[in-house]
Amino acid sequence: METNFASNTAASTSFKKAMDTWVCATNINWGIGSTATVSEAASTNVNMVKFGGASEIIVGTLAYTSMGFRRCPNGEWELGDVDITFNNQDYNWNYTSSAPSSNQYDFETVALHQLGHAHGLVHVNNVGDPMYYNTKIGTTNRSLNAAVIEGGNYMLINSAAMGALSCNGAIIPFPAGSCGLSSPTITSFTPTAGATGTVVTITGTNFSSVTDVRFGNVIATSFNVVSPTEITAIIANGATGDVSITTPGGVATKSGFTYITKSSQTLTFNPFPNKTYGDIDFDPNVTASSGLPITYTSSNPLVATIVNNKVHIISAGTTIITATQTGNATYSPAIVNLNLLVNKANQSISLSTIPTKLVTD
């Protein structure tokens, strides 16, 4: 929604009712996203609901729906965005659930009609049909009939059939029974900054049936719905921007997330000289450019183990000593493998002096 439209609670609530009616009828995957400016509506990737006056709308028009299309790399075309503009300067609107007065147009009725266009439906000449071309002042039509529902479902079926040819795949309908659900809200998230792999705890309301979590519009690596008021999510290769959650009830967003790009670090080391069974424990002497501590593991504990972060030889043979720096909020992890060969120890045989003997002995 455009910022000014979203701030009009009565209008945005009435629009949401009309949208819920379509979602309940066709399970179309629609939700209320974050607010945006009018200039952003010009983008072919931004859906917008906004107010406009005579300068934007032909005189005598209550509202209009415009649809932008984009060409995919394979030459096919797909729907890029839908913008709906309501004329709030030249007409008096009824935003309530009550019937409009004789000098008012019913906003929910017109919104329902425009959302039919967003489905791809056109005008009909049947009085009383939601897609009838001439909305009368002082009247309401807030329900869908079988014909428009069939038309909406037909468009979704065709989207699924053509999904493999589109840039972004088919519209995935909401599961049956998703309509009428409360929209989610995000009250806070912590930490407010993080890099890839960081676990973020998101708190809010109506987190049941979450289908998508994003940081800066980048899908999270994974998420877990702890409760209807809490989600934990792992940041992927994210971006600075909004945190967003999608449920069948809508989309919740909250600004203020900062994606941290971690610095790389290098590990400095010297190859191990060959060791001999019986040698004392030794320090692998691997250091990180970050100055962070190194931990070690041995691939063959029958040959060597790690004791107090030093290599302790158990027997002759070969093993790989892995040096790891796990990284932190600033640095990415780093790892290096070092080959260790332990030779057998030399052994000697000691004999005592043999005394002189006689033939007769």
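The values are calculated or read from the model by the stated rules, or taken from the named source; none is laboratory data. A quick note: this is a predicted structure, and the numbers were derived from the prediction, not measured. Please note: Cβ atoms are built from the backbone with ideal geometry, for glycine as well, and neighbour counts cover all protein chains shown.
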Hey, could you check the range 175-203 for residues that are modelled with pLDDT of 90 or more and closer than 18 Å to Gly31 by Cβ and say which is surrounded by the fewest Cβ atoms within 10 Å (Cβ to Cβ)? Ile186
Can you find even one residue in the range 95-118 that is surrounded by 18 or more Cβ atoms within 10 Å (Cβ to Cβ) and under 27 Å from the mean Cα position of the chain (by Cα)? yes
Which residue, of Ile157, Ile149, is assigned by TED's automatic domain parsing to the domain that holds Met19, in contact with a Ser or Thr (Cβ under 8 Å, 6 or more places away or on another chain), in a helix (DSSP H, G or I) and hydrophobic (A, V, I, L, M, F, W, C)? Ile149
Examine the range 61-70 for a residue that is of a type in the set (Gly, Ala, Ser), in a strand (DSSP E or B) and more than 24 Å from Thr246 (Cα to Cα), and state whether such a residue exists. yes
Within the set of pairs 6+ apart or on separate chains, which have a first residue in the range 44-72 that is farther than 23 Å from Asn103 by Cβ and in the same structural domain as Ala111 (by TED's automatic domain parsing), a second that is among the β-branched types (Val, Ile, Thr) and modelled with pLDDT under 85, and C-beta atoms under 9 Å apart? Met48/Val38; Val49/Ile32; Lys50/Thr3; Lys50/Val38; Gly68/Thr44; Phe69/Thr44; Arg70/Thr44
Pair list, Cβ under 8 Å, 6 or more apart: the range 342-359 residue of a type in the set (S, T, N, Q), other residue outside any strand (DSSP E or B) and modelled with pLDDT of 80 or more: Asn343/Asn274; Asn343/Tyr277; Asn343/Ala316
Among the residues of the range 1-16, count how many are part of a loop (DSSP other than H, G, I, E, B) and surrounded by 21 or more Cβ atoms within 10 Å (Cβ to Cβ). 1
What's the number of the only condition in (1) within 15 Å of the chain's Cα centre (by Cα); (2) not in a loop (DSSP other than H, G, I, E, B) that Thr203 fails to meet? (1)
Examine the range 95-103 for a residue that is assigned by TED's automatic domain parsing to the domain that holds Gly152 and in contact with a strand residue (DSSP E or B) (Cβ under 6 Å, 6 or more places away or on another chain), and state whether such a residue exists. yes
With the condition kept exactly as written, say whether any residue in the range 99-109 is out of contact with any helix residue (DSSP H, G or I) (no Cβ under 8 Å at 6 or more places or on another chain) and at positive phi. no
Among Ala25, Ala41, which is modelled with pLDDT under 80, of a type in the set (A, V, I, L, M, F, W, C) and in a helix (DSSP H, G or I)? Ala41
Anything in the range 250-306 that is hydrophobic (A, V, I, L, M, F, W, C) and over 43 Å from the mean Cα position of the chain (by Cα)? List them, or say none. Phe272, Ile280, Phe282, Leu302, Val303, Ala304
